[in-house]
Each structure stands twice: as C-alpha cells, then as structure tokens.
Amino acid sequence: QRLRTEFKRFVADRNDIHFSAGIEVINPSFPLRIAVERAEEALEEAKTQGKDRITIFGTTVVWNEFVNL
C-alpha cells in the first residue's frame with residue numbers, strides 16, 4: 001500500500017496513471033528465477049482484471065479493497 005501511495009504522490013495524483021502489482025510470497029530457499037516468474041504472472045493477472053489492482057495469494061482486488069482486507 002505504501003508503494004502505491006508514494007507512486008500516486010510522485011505522479012501528482014493523476015487519475016490517468018495507474019499502479020498495479022503482483023505479489024508472490026515464497027520461502028527464502030525457493031529458486032529466485034521461479035519466484036520472479038510467478039510474481040510476473042501475478043502482475044499480468046492484476047492487469048488483465050483491470051487497472052489499478054493487486055494480485056496476491058491468487059486473488060485480484062482493487063487497491064481500496066486490498067486495504068480493507
């Protein structure tokens with residue numbers, strides 16, 4: 001949430017610029033290459049669901065909903 005808040009401030013809170021994210025929680029011993037691929041897949045899922053969303057634990061929500069969860 002902090003990254004999104006700072007990004008919105010950086011772009012002067014413009015409504016035509018959006019921030020999407022994909023988060024993958026992994027074990028520290030998990031291969032980094034695969035972790036990055038999974039995070040990229042989560043990001044792509046967030047983007048296909050619409051703008052300004054986050055995908056985490058296989059679920060995509062808008063940022064306001066993420067904050068409430």
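The values are calculated or read from the model by the stated rules, or taken from the named source; none is laboratory data. Source: prediction; values computed, not measured. Note: ideal-geometry Cβ built from the backbone for every residue, glycine included; neighbour counts use all protein chains shown. These accessible areas exclude ligands, DNA and RNA; they are computed on the full protein's heavy atoms, side chains included. Shrake-Rupley method; radii C 1.70, N 1.55, O 1.52, S 1.80 Å.
How would you rank 56-67, 6-17, highest first, on the average number of other Cβ atoms within 10 Å across their residues?
Numbers: 56-67: 13.6, 6-17: 10.6.
The packing order, highest mean first, is 56-67, 6-17.
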### Task
Give the accessible surface of the chain per residue, rounded to a whole number of Å², with probe radius 1.4 Å and ligands, DNA and RNA excluded.
76 Å²
### Query
What does the convex hull of the alpha-carbon atoms of the chain project to on average, in nm²?
5.1 nm²
### Carbon and sulfur %, accessible surface of the chain computed with the full protein complex present, 1.4 Å
54 percent
